[in-house]
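Just so it is clear, none of the values below were taken in a lab; they were calculated from the coordinates. Small disclaimer: the values here were computed from a predicted structure and weren't measured. With ideal geometry, Cβ positions are generated from the backbone for all residues, glycine too; neighbour counts draw on all protein chains shown.
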Amino acid sequence: MSVSGAILMYLADKYGHCPDAASRGIAAKWTLFGNSTLVNSMFVEQFRETQMPATLGTLDAYLSTREYLEGDFSVSDVAVGAYLLYVPALLPQLDLSPYPNVLAYMARLAARPACAATLASRAT
């Protein structure tokens, strides 16, 4: 497998994160969001001005009531968080300050030991 979303879903299935169709659907929703909606809105310059505020605004509102996307840390956070944590290293000019809950989420993810050992160490 060479597609990150497919690999994450495989691992979620293999290690019991998705024991039923409902939990698999939630994980798939966030994985597809990260791989498509989020990536396009932030990393495709022609879409950034119009799509990034709506995408991050919605995500910011969602994160205002929870620490992680599914409540507890999950494959969904790996899928979405990985792309968010690329921003400081790859697009440092992007101002994420209008999205304080997204920034707090990024900091929580970057502080996780496995994540801190990666590119994420530059995210905060």
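A few remarks follow.
- Taking every Cα-Cα distance in the stretch 1-84 and sorting them into 5 Å bins starting at zero, the pair-distance distribution P(r) comes out as 3, 15, 24, 24, 16, 11, 5, 1 percent.
- Sequence-ordered 3J(HN,Hα) estimates for the stretch 91-96 from the Karplus curve with 6.51, -1.76 and 1.60 and θ = phi - 60° stand at 9, x, 6, 6, 8, 9 Hz, glycine and proline given as x.
- P(r) histogram, all alpha-carbon pairs of the stretch 35-124 included - 10 Å bins from 0, percent: 17, 55, 26, 1
- Cα shape, the stretch 12-58, gyration tensor, a/c 1.5 rule: prolate
- Here's the picture: charge each Lys and Arg Cβ at +1 and each Asp and Glu Cβ at -1 in the stretch 21-96, and of Ala27, Leu91, Gly57 the one pushed furthest to the positive end of that dipole is Ala27.
- Inter-site label distance for Val3 and Glu49 at 7 Å from Cα along Cβ, in nm: 3.1 nm
- Förster-model FRET efficiency, 22 Å R0, Ala117 and Asp72, C-beta, rounded to 0.05: 0.55
- The chain, helix-only ellipticity at 222 nm - DSSP H runs n ≥ 4, -39,500 (n - 2.57), divided by all residues, nearest 500: -19500 deg cm²/dmol
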